[in-house]
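Q: I'd like to ask some things about the structure below.
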């Protein structure tokens, strides 16, 4: 895994789900579809590993979530504030890695490093920037996700960002349910909704004693 140390206690390396980021299907500003395509690729190339993959939507009720180390970021810390973001987490055992095609970090990056550098901590942020995470099994996401891309269209029908060159993703019964994944109401939608601390405790070596990051280095605070 480029730039990442091998964790002790394991002789079996993690399966390399993708050859490299540049060979993955990617469209800027369509992270929800990029991750769907990653899941589809895992199902095709490494079908038995799909059960260990999870899709995580990052958002909140204000639709305003700060993320660091994103390639779209303009400052030194590569900070962005988006309405939502989507990542793929691969956790075959107590190890977990994150695949994020929009990140400036390696592809993939161990969950601990990704969380510390991308999410940092909610404690130094205004409440409207606290992150929530809807975590959905990858096989469920592949089966249930649909988007007609209307969220990327202006009122006059023109595109805010150029869409992917493949047809919109749909199911037999649904053309668009993107908002149900972005919505962080735990009583609705697929999967489970977690706080940052809960996400950390779920994916950072659950067999080991660990606590969520609470003392980040000084950082710019979105307002």
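Q: Pairs of alpha-carbon atoms within less than 8 angstrom and 6+ residues apart define the contacts here; what relative contact order does the range 128-173 have, in percent?
A: Taking the mean separation of contacting Cα pairs over the length of the range 128-173, I get 41 percent.
Q: Given the peptides 66-73, 162-169, arrange them by the average over their residues of other C-beta atoms within 10 Å, most packed first.
A: 66-73, 162-169
Q: Students often get this wrong: which residues of the range 81-110 have the backbone nitrogen under 12 Å from the point 7 angstrom along Cα-to-C-beta of residue 71?
A: Inside the label zone: 100-107.
Q: While we're looking at this one, here's another question. Just for the Cα atoms in the range 90-141, what are the lengths along the principal axes, largest first, rounded to whole Å?
A: Here the Cα extents, ordered largest to smallest, are 34, 26, 23 Å.
Q: For the range 105-187, calculate the relative contact order in percent as a whole number, restricting contacts to Cα pairs under 8 Å that are 6 or more residues apart.
A: Normalised by residue count, the contact order of the range 105-187 is 29 percent.
Q: Based only on other Cβ atoms within 10 Å, what is the fewest-to-most ordering of 79, 88?
A: Result, fewest neighbours first: 79, 88.
Q: Anyone know which of 110, 52, 204 comes out most mobile in the 10 Å Cα GNM of the chain?
A: 52
Q: With only alpha-carbon atoms in the gyration tensor, what are the semi-axes of the equivalent ellipsoid for the range 19-148, in Å, largest first?
A: Equivalent ellipsoid of the range 19-148: 24, 16, 15 Å, largest first.
Q: Using packing as a proxy for protection, rank 80-86, 149-155 so that the peptide with the highest average count of other Cβ atoms within 10 Å comes first.
A: Per-residue Cβ counts within 10 Å, averaged per peptide and sorted highest first, yield 80-86, 149-155.
Q: Another question, if that's okay. May I ask for the percentage of alpha-carbon pairs in the chain that lie more than 26 Å from each other?
A: The share of Cα pairs beyond 26 Å in the chain comes to 34 percent.
Q: Taking all pairs of different Cα atoms in the range 73-161, averaging 1/r and flipping that mean, what Kirkwood radius in angstroms comes out?
A: For the range 73-161, the Kirkwood estimate is 15.7 Å.
Q: Considering the Cα positions of the range 137-176, please state its Rg to one decimal place and its Dmax as a whole number of Å.
A: 11.9, 36
Q: May I ask you to derive the relative contact order of the chain, considering only C-alpha pairs under 8 Å and at least 6 residues apart, and to give it as an integer percent?
A: After rounding, I find 22 percent.
Every read-out reported here was derived from the displayed coordinates using simple, explicitly stated rules and does not represent laboratory data. Please read all numbers here as calculations on a predicted model, not as lab measurements. Virtual Cβ from ideal backbone geometry, glycine too; neighbours counted across all protein chains shown.
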